[in-house]
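Reviewing the structure listed below.
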Amino acid sequence: MLETYNIILINSFRNFKKNIISSPTLYLLFSSMMVFSIFLIGYLTLFLIKNDVPVSLNDVFFIILFLFIIKGSNDFYNYFTKSQPLTYSLSTQISHFRTVFEIFLIVFWIQLGLWVFFSTLYNISLIIAGISLSYPLIYLNFTLGIMLASVLGTVIVLHYFSKKKYRLIPVGLILYILSQYNDIYSVLILLIISFIYLIWSLRYCLDSYQYVTRKDRKKEKTQVWISGIKKAVFYKEITTLWRERVLSSIIFSAVFLGFGAGYMSRFGVENLLPESLQILASKISPESYAFFGIYVLTIHGAVFTSLSLFLNEEQTIWLIRHLPVKMKTIVYGKALAILMPFFCTIPFIAYFLAFNPGKSLFFLIWFLIFSYLAGIIICFPLGAKYVGKKSDILLLYSVSLLIFIVLGVFFAINSILEIFGFSKYILYVLFILVEIVLLFISFKISGYFLEIRYKNISS
Amino acid sequence: MIAVSKLTKSYSSTVALNNVNFDFNESTVTAIMGENGAGKSTLLKICAGIINFNSGEILVDGYSIVKDSIKARKNLGYLPEMPYLYERLTGQEFLLYISSLRGLENPEIEINKLSDLLGIKRFLNNEIGSYSKGMKQKISLIAAIMHKPKNLLLDEPVWGLDPLTSKTLRIFIKERKNTTIIATHSPQLVEDVADVVYFLKQGNIISYGAVSSFIKKNGNIENAYFSEAD
């Protein structure tokens with residue numbers, strides 16, 4: 001019993017242990033950023049309570065549910081859909097249903113484990129802040145929600161990566177009912193229904209295992225030879241980013257964030273946000289809306305994409321290393337490719353200014369460029385250093401918080417300068433110049449990390 | 001021509017290659033045989049400039065893989081044991097990308113010729129992510145030989161290939177006039193294409209010599225392998 005379950009858990013635990021031993025600094029950074037962010041949320045809770053802002057538990061419930069559905073889907077996809085070693089378990093006399101159900105159990109326990117860990121830390125931060133805790137039923141409701149998220153995440157992967165995507169319709173129905181009724185009894189009933197739906201879905205589990213489609217790309221313009229290494233790397237990276245829909249998702253984010261931030265800062269938040277958040281939102285300045293919008297765009301366009309450019313080389317690093325090419329040149333090719341996502345973020349400025357014509361165009365452009373460059377400066381060397389070693393979520397999370405702190409500091413400096421009436425334009429230009437210098441140093445370090453270092457060889 | 005002298009490579013406490021010397025001469029097909037973990041793939045990876053080593057020297061056409069790495073890799077083709085490629089590119093895009101990095105002019109002719117020869121031409125416009133193991137092996141093989149390298153390193157070259165492609169590859173290797181190194185477990189492949197064979201065990205060379213002399217002494221390479229391994 002539970003052979004696959006046990007083996008995957010042992011393997012994951014050993015991988016985790018090995019990673020901590022091989023890169024203690026990264027894990028220390030990740031852990032401290034994790035604790036920092038939980039305490040930040042705890043502080044935000046305290047802030048909301050002190051300012052008499054009623055927090056809607058429904059909104060919190062849905063945010064947490066949404067995050068855990070994504071995590072559950074991602075885990076199930078990794079442990080099942082794209083897992084090669086699973087072929088051995090699936091080829092034994094044990095039923096496929098049982099094997100895949102064991103994988104669901106792994107996802108289920110990981111989700112619950114994370115929930116218990118983070119909610120405990122959050123509760124500790126609230127106790128430290130002096131907030132009394134007495135909500136066992138709400139906690140139970142949220143816990144049932146996490147279980148539901150594991151089930152839904154699993155069935156989403158089972159049907160999304162199959163030819164019969166219409167089988168996903170019940171997921172939409174369940175989420176709709178949940179949006180109308182999310183008290184503890186409703187969540188419990190929906191959990192039972194979802195579980196039955198999962199059991200039914202597992203009958204078709206092989207439809208999605210190692211699901212691939214053969215797409216003919218004969219007519220595309222990319223099937224041509226390109227002269228020059230940097231240009232070739234640029235084309236290859238852009239093609240990949242386009243096909244993985246990274247570029248289109250950045251354009252969508254830029255338009256959505258620009259529209260949302262612009263609208264809210266111009267017309268207020270009535271009819272857009274839940275009533276509980278309207279008071280808080282009304283206190284936020286237009287510049288702060290711009291700050292949050294640009295921050296999210298930087299994470300999406302610069303941080304996520306820069307890390308992907310390197311971490312996606314995990315299995316293919318042998319290719320670029322055995323070719324007669326300097327790694328510095330490869331890095332410059334990737335640097336050219338990262339320009340494209342930047343252009344995709346520009347609609348943010350247009351949409352934001354459409355609602356706030358009086359606001360400084362110069363500041364917005366400067367802050368977008370400044371944030372974007374900061375993201376690349378930090379992420380390129382980290383991506384190059386951890387090629388083939390670390391999961392991108394670990395780096396993404398750590399770097400996102402680092403960038404938040406860096407941008408927050410520079411945003412505060414800008415506000416202080418404004419209060420004291422300093423001419424900021426010279427400083428703006430100066431900051432960008434310093435960043436350009438740092439950018440080239442960052443590329444150099446990235447090339448150094450990618451290159452094999454033979455320095456310890458004795459002849 | 002590749003000269004390996006006093007090469008040592010260890011992974012933590014495990015010694016993969018222990019102070020070994022090899023001379024891979026021009027117009028010679030050299031096979032490396034040995035049990036799993038004997039150091040065959042490690043040797044090829046080091047010669048291709050992919051992984052680091054602890055001590056020794058590697059000269060590819062007289063260029064050090066450490067000091068003149070770019071020049072050394074210029075005339076080198078490498079086929080890895082596991083052909084991991086860019087899954088989102090099509091076979092054609094991938095081969096064009098590699099030829100751009102190698103600075104080849106008009107590579108389309110060679111790509112067409114080789115893909116036709118290896119029977120992969122009709123799949124060239126599909127994304128590599130949808131390829132089977134053998135198809136990836138073929139694309140990887142074209143990438144390794146399309147620039148007509150003087151030195152060719154092949155790690156388990158016929159693994160995953162269909163019989164016809166395997167035969168084509170054997171003929172190709174046999175007819176090559178330059179340095180070829182093959183890491184393999186297949187005694188038949190060694191007999192078919194190799195001039196010289198090295199037997200490795202736990203990172204040490206236990207025996208080496210002309211394939212013909214081993215066959216003369218033991219009947220075939222399989223017997224020679226077991227006899228030397230004992």
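Does the range A:192-201 contain at least one residue that is assigned to a loop (DSSP other than H, G, I, E, B), in contact (Cβ under 8 Å) with a residue 40 or more places away in the chain and among the aromatic types (Phe, Trp, Tyr)?
no
Would you point out the residue of the range B:37-54, among those that are farther than 20 Å from residue B:77 by Cβ and touching a residue at least 60 places away in the same chain (Cβ under 8 Å), that is surrounded by the most Cβ atoms within 10 Å (Cβ to Cβ)?
To start, the set of residues in the range B:37-54 that are farther than 20 Å from residue B:77 by Cβ comprises B:37-39, B:52-54.
Narrowing the set further to residues that are touching a residue at least 60 places away in the same chain (Cβ under 8 Å) leaves B:37-39.
Working: B:37: 14, B:38: 23, B:39: 25.
Among those that are farther than 20 Å from residue B:77 by Cβ and touching a residue at least 60 places away in the same chain (Cβ under 8 Å), it is B:39.
For the range A:313-333, give me each residue that is of a type in the set (A, V, I, L, M, F, W, C), within 24 Å of residue B:137 (Cα to Cα) and under 24 Å from the mean Cα position of the chain (by Cα). Lay out the reasoning, then the answer.
From the range A:313-333, those of a type in the set (A, V, I, L, M, F, W, C) are A:317-320, A:323, A:325, A:327, A:330-331; that's our starting set.
Of the ones still in play, those that are also within 24 Å of residue B:137 (Cα to Cα) are A:317-320, A:323, A:325.
The answer is A:317, and nothing else.
How many of the residues making up the range B:125-134 are within 23 Å of the chain's Cα centre (by Cα) and within 24 Å of residue A:237 (Cα to Cα)?
Going residue by residue through the range B:125-134, those that are within 23 Å of the chain's Cα centre (by Cα) are B:128, B:131-134.
From the residues that got through so far, the ones that are within 24 Å of residue A:237 (Cα to Cα) too are B:128, B:131-133.
The total comes to 4.
Can you pull out the residues in the range A:88-122 that are over 31 Å from the mean Cα position of the chain (by Cα) and more than 22 Å from residue A:73 (Cβ to Cβ)?
Selection gives A:88, A:91, A:92, A:93, A:94, A:95.
Residue by residue, here is whether (1) in contact with a helix residue (DSSP H, G or I) (Cβ under 8 Å, 6 or more places away or on another chain); (2) under 24 Å from residue B:160 (Cα atoms); (3) facing chain A (nearest Cβ under 7 Å); (4) in a helix (DSSP H, G or I) holds:
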{"residue": "B:53", "(1), (2), (3), (4)": "yes, no, yes, no"}
{"residue": "B:87", "(1), (2), (3), (4)": "yes, yes, no, no"}
{"residue": "B:113", "(1), (2), (3), (4)": "no, yes, no, yes"}
{"residue": "B:134", "(1), (2), (3), (4)": "yes, yes, no, yes"}
{"residue": "B:137", "(1), (2), (3), (4)": "no, yes, no, yes"}
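Within 13 Å of chain A (Cβ to nearest Cβ) and either in a strand (DSSP E or B) or surrounded by fewer than 20 Cβ atoms within 10 Å (Cβ to Cβ) (or both): which single residue out of B:26, B:57 fits that description?
Just a single option satisfies the conditions, and that option is B:57.
Say we look at the range A:414-429 and pick out the residues that are loosely packed, with under 11 Cβ neighbours inside 10 Å and not β-branched (Val, Ile, Thr); which of these is farthest from residue A:362 (Cα to Cα)?
This residue is A:420.
Inspect all residues belonging to the range A:154-163 and state whether any of them is more than 24 Å from the chain's Cα centre (by Cα) and farther than 30 Å from residue A:35 by Cβ.
yes
Can you tell me which of (1) modelled with pLDDT of 90 or more; (2) under 30 Å from residue B:91 (Cβ atoms); (3) exposed (fewer than 14 other Cβ atoms within 10 Å of the Cβ) is the one residue A:164 doesn't meet?
(1)
Specify the residue that is surrounded by the fewest Cβ atoms within 10 Å (Cβ to Cβ); the eligible residues are those in the range B:190-216 that are in a helix (DSSP H, G or I) and out of contact with any helix residue (DSSP H, G or I) (no Cβ under 7 Å at 6 or more places or on another chain).
B:216
Would you call residue A:73 at pLDDT below 90 and surrounded by 13 or more Cβ atoms within 10 Å (Cβ to Cβ)? Steps first, please.
Details: at pLDDT below 90: no; surrounded by 13 or more Cβ atoms within 10 Å (Cβ to Cβ): yes.
So residue A:73 does not fit the description; no.
Failed condition for residue B:65, given (1) within 12 Å of chain A (Cβ to nearest Cβ); (2) within 13 Å of the chain's Cα centre (by Cα), with all others met?
It is condition (2) that residue B:65 fails.
Condition first: among the β-branched types (Val, Ile, Thr) and under 18 Å from residue A:301 (Cα atoms). Now tell me which residues in the range A:314-338 satisfy that. First the steps, then the outcome.
The initial filter retains those residues of the range A:314-338 that are among the β-branched types (Val, Ile, Thr), namely A:316-317, A:320, A:325, A:329-331, A:338.
Scanning the range A:314-338 gives A:331, A:338.
Quick check on my filter: what residues within the range A:152-173 are free of Cβ contacts under 8 Å to residues at least 60 places away in the same chain and of a type in the set (Val, Ile, Thr)?
A:155, A:169, A:171
If you go through the range B:100-109 one residue at a time, how many are facing chain A (nearest Cβ under 7 Å) and not in a loop (DSSP other than H, G, I, E, B)?
Count: 4.
Filter the range B:1-54 down to residues that are acidic (Asp, Glu) and at pLDDT 90 or above, then give me how many there are. Steps first, answer last, please.
As a first pass, look at the range B:1-54 and keep what is acidic (Asp, Glu): B:23, B:26, B:35.
If we keep only those that are at pLDDT 90 or above as well, we get B:23, B:35.
Counting residues in the range B:1-54 that are acidic (Asp, Glu) and at pLDDT 90 or above gives 2.
Filtering the range A:103-146 down to residues that are in contact with a Gly (Cβ under 6 Å, 6 or more places away or on another chain) and of a type in the set (S, T, N, Q), which residue is nearest to residue A:1 (Cα to Cα)?
Result: A:111.
Name the residue that is farthest from the other protein chains (Cβ to nearest Cβ), counting only residues in the range A:295-321 that are part of a helix (DSSP H, G or I) and among the polar types (S, T, N, Q).
Applying the filter and picking the extreme gives A:298.
Restricting the search to the range B:89-99, which residues are within 8 Å of chain A (Cβ to nearest Cβ) and over 20 Å from the mean Cα position of the chain (by Cα)?
Result: B:89, B:90, B:92, B:93, B:96, B:97.
Pick from A:83, A:37: which is surrounded by 14 or more Cβ atoms within 10 Å (Cβ to Cβ) and closer than 30 Å to residue A:7 by Cβ?
Values: A:37 fails: closer than 30 Å to residue A:7 by Cβ.
Every option except A:83 fails the conditions.
In the range B:1-50, how many residues are of a type in the set (A, V, I, L, M, F, W, C) and over 18 Å from residue B:82 (Cα atoms)? Before you say what the answer is, go through the steps one by one.
From the range B:1-50, those of a type in the set (A, V, I, L, M, F, W, C) are B:1-4, B:7, B:15-17, B:20, B:22, B:24, B:29, B:31-33, B:38, B:43-44, B:46-48, B:50; that's our starting set.
Next, only the ones that are over 18 Å from residue B:82 (Cα atoms) stay: B:1-4, B:7, B:15-17, B:20, B:22, B:24, B:29, B:31.
Qualifying residue count, the range B:1-50: 13.
How about the range B:75-84: which of its residues are out of contact with any Phe, Trp or Tyr (no Cβ under 6 Å at 6 or more places or on another chain) and surrounded by 20 or more Cβ atoms within 10 Å (Cβ to Cβ)?
Selection gives B:76, B:77, B:78, B:79, B:83.
Just checking: which of the helices (runs of 4 or more DSSP H) contained wholly in the range A:329-402 hold 1 or more residues that are of a type in the set (D, E, K, R)?
On the way: elements: A:339-345, A:347-355, A:361-385.
Ranges flagged: A:361-385.
Yes or no, residue by residue, for (1) crowded, with 18+ Cβ neighbours inside 10 Å; (2) in a helix (DSSP H, G or I); (3) assigned by TED's automatic domain parsing to the domain that holds residue A:146; (4) at pLDDT below 90:
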{"position": "A:221", "(1), (2), (3), (4)": "no, no, no, yes"}
{"position": "A:234", "(1), (2), (3), (4)": "yes, yes, no, no"}
{"position": "A:238", "(1), (2), (3), (4)": "yes, yes, no, no"}
{"position": "A:252", "(1), (2), (3), (4)": "no, yes, no, no"}
{"position": "A:266", "(1), (2), (3), (4)": "no, yes, no, yes"}
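The values are calculated or read from the model by the stated rules, or taken from the named source; none is laboratory data. Because the structure is predicted, anything quoted here is derived from the model rather than measured. Using ideal geometry, Cβ is built from the backbone for each residue, glycine included, and neighbour counts are taken over all protein chains shown.
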